[in-house]
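Down below is the structure, laid out as structure tokens.
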Amino acid sequence: MMTRRTLLELAALSAASPAAQAAEPPFVLPKLPYAYDALEPYIDAQTMQIHHDKHHQAYVDNLNKAISGDAALSRLSVEELLQRLDALPAAVRTAVRNQGGGHANHSLFWQTLCTSSKSGKPAGRLTAALDRSFGGQDKFEEKLQASALGVFGSGWAWLSVDSGKNLVLDSAPNQDSPLLSGKRPLLGIDVWEHAYYLKYQNRRADYLKAIVKVINWDFVTARYEDLAK
Ligand SMILES: [Fe+2]
């Protein structure tokens, strides 16, 4: 006959079991770290609300749908999933690449932006690295905009840190994360039309001129210090 103690132990085991953990979706939409209108007039409040609450939420929901039945995968962070994409079961690979990429990319994107009065400047080692790699902040921003403008269809322009701790500027289609190619993303510019169409329609170049006014350089500088150490 089961003692009360055995029952309690079973209950504790059950609470810690993967099946119990799977009841909670493994991924959740992070809160926007500022108000929807914080990036006005450069990025409008309605775009921010739809982009965060609808588009990013859909990536989170679809990623949960794809992997929440797999206890082992559910225990990994989205970054870990993307970094080991080739080792994942074939059945979830496309969903992790697209939906997991969407979740990771947008989670970083919100943090790299801020109200224009707080945008600031690159500092510390990042200033020197931008000088070395691109000829300074202004030249870097020109190259970032050119890279983003050159994306055919939907995708991102990325500033990343490679395995040798070098800065790399490139672009990627769809929601492909720099994590897929062994890099660590530092700053990404979303050029899916959902990021700008309400305010800028087909004028992607105008959106790009605007978004560089709301880059959170304090955040990007701190992230660089962390990734390049
Ligand atoms: Fe987006």
When the stretch 180-193 is examined, which residues are found to be within 16 Å of the ligand (Cβ to nearest atom) and under 24 Å from Arg93 (Cβ atoms)?
-> Pro185, Gly188, Asp190, Trp192
Among the listed residues Ile215, Ile211, Ile189, which satisfies the condition of being surrounded by 20 or more Cβ atoms within 10 Å (Cβ to Cβ) and either touching a Cys at 6+ places or on another chain (Cβ under 9 Å) or at pLDDT below 95 (or both)?
-> Ile215
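Every residue, every condition in (1) within 28 Å of Ala95 (Cα to Cα); (2) out of contact with any Cys (no Cβ under 9 Å at 6 or more places or on another chain); (3) assigned to a helix (DSSP H, G or I), yes or no:
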| position | (1), (2), (3) |
| --- | --- |
| Lys121 | no, yes, no |
| Ala128 | no, yes, yes |
| Arg132 | no, yes, yes |
| Phe152 | yes, yes, no |
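Does Ala91 fit the bill of being away from the ligand (no atom under 16 Å from the Cβ), surrounded by 14 or more Cβ atoms within 10 Å (Cβ to Cβ) and without any contact (Cβ under 8 Å) to a residue 60 or more places away in the chain?
Working: away from the ligand (no atom under 16 Å from the Cβ): yes; surrounded by 14 or more Cβ atoms within 10 Å (Cβ to Cβ): no; without any contact (Cβ under 8 Å) to a residue 60 or more places away in the chain: yes.
When the stated conditions are applied, Ala91 does not pass them.
Determine which member of the set Leu180, Leu187 is under 18 Å from Arg125 (Cβ atoms) and hydrophobic (A, V, I, L, M, F, W, C). Explain how you work it out, then say what you get.
Details: Leu180 fails: under 18 Å from Arg125 (Cβ atoms).
Step by step, each of Leu180, Leu187 is checked, and only Leu187 is under 18 Å from Arg125 (Cβ atoms) and hydrophobic (A, V, I, L, M, F, W, C).
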Would you check if Ser107 is within 16 Å of the ligand (Cβ to nearest atom) and crowded, with 17+ Cβ neighbours inside 10 Å?
-> yes
Inside the stretch 35-74, can you point out the residues that are outside any helix (DSSP H, G or I) and modelled with pLDDT of 95 or more?
-> Ala35, Tyr36, Asp37, Ala38, Leu39, Glu40, Pro41, Tyr42, Ile43, Asp44
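The values are calculated or read from the model by the stated rules, or taken from the named source; none is laboratory data. As the structure is a prediction and not an experimental result, all values here were calculated from the model. Positions of Cβ are generated from backbone atoms using ideal geometry, with glycine treated the same way; all protein chains shown enter the neighbour counts.
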